[in-house]
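Working notes for the structure below.
The values are calculated or read from the model by the stated rules, or taken from the named source; none is laboratory data. Here the structure is a predicted model, which means the values were calculated and not measured. Cβ placement follows ideal geometry from the backbone for every residue including glycine, while neighbour counts extend to all protein chains displayed.
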Amino acid sequence: MSGTLNKVMLIGHTGDDVKMHFFEGGNSIGRFPLATNESYTNRTTNERVTTTEWHNIVVRNKGAEICEKYLKKGDKVYIEGRLKTRKWQDDKGQDRYSTEIQCTDFTFLTPKNDQQATMPQQQSQQSPAQSQAPATPAQTQNVQQPEGDDDLPF
């Protein structure tokens with residue numbers, strides 16, 4: 001293969017709201033941190049270990065405006081893009097580097113209902129019947145399964 005590929009696909013939770021920067025000419029960029037988690041069991045201690053990796057996401061123009069409007073801290077989102085490393089000098093004149101994900105595509109994975117449920121006013125207005133409604137179909141599914149169905153052909 002003679003070509004190269006720079007592609008990143010992430011599913012994670014936003015660590016903060018989108019911070020917007022606007023430029024002359026109508027262009028804009030939005031930045032936000034994205035957390036991805038990895039869990040495994042330590043073989044020596046049998047302890048469950050979870051590590052979090054933070055990614056700097058950069059979205060441009062119309063995509064940035066959409067993200068700013070709909071993404072809030074803690075929302076789950078799918079990000080597709082490419083890696084880009086920036087170099088700059090700090091106050092002391094030392095070279096510094098930052099690796100970012102330049103977002104080319106995104107999909108919001110947090111349902112609209114979940115976003116509203118986190119608001120205190122929405123939770124207090126929800127009736128007990130509404131909060132029990134999702135449990136009812138799951139209970140009927142369990143009742144409908146015959147007992148002899150756990151015999152698998154393989």
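If you filter the range 73-129 down to residues that are surrounded by 11 or more Cβ atoms within 10 Å (Cβ to Cβ), of a type in the set (Ser, Thr, Tyr) and assigned to a loop (DSSP other than H, G, I, E, B), you find that the one that is modelled with the lowest pLDDT is Thr118. I'm trying to understand the selection: among the residues of the range 49-63, which are loosely packed, with under 13 Cβ neighbours inside 10 Å and either farther than 18 Å from Gly25 by Cβ or under 12 Å from the mean Cα position of the chain (by Cα) (or both)? Scanning the range 49-63 gives Val49, Thr50, Thr51, Thr52, Glu53, Trp54. On the given criteria, is Glu53 in contact (Cβ under 8 Å) with a residue 12 or more places away in the chain and among the acidic types (Asp, Glu)? The answer is yes for Glu53.
For the range 38-59, check the following and say yes or no: at least one residue is small (Gly, Ala, Ser), assigned to a strand (DSSP E or B) and within 19 Å of Thr99 (Cβ to Cβ). If you could, list the steps in order and put the result at the bottom.
Within the range 38-59, the subset small (Gly, Ala, Ser) is 39.
Next cut, assigned to a strand (DSSP E or B) only: 39.
The next check asks that each one be within 19 Å of Thr99 (Cβ to Cβ); those that pass are none.
Within the range 38-59, not a single residue is small (Gly, Ala, Ser), assigned to a strand (DSSP E or B) and within 19 Å of Thr99 (Cβ to Cβ).
Taking the range 1-26 on its own, how many of its residues are in contact (Cβ under 8 Å) with a residue 12 or more places away in the chain and either among the acidic types (Asp, Glu) or closer than 23 Å to Glu38 by Cα (or both)? Of the residues in that region, 12 qualify.
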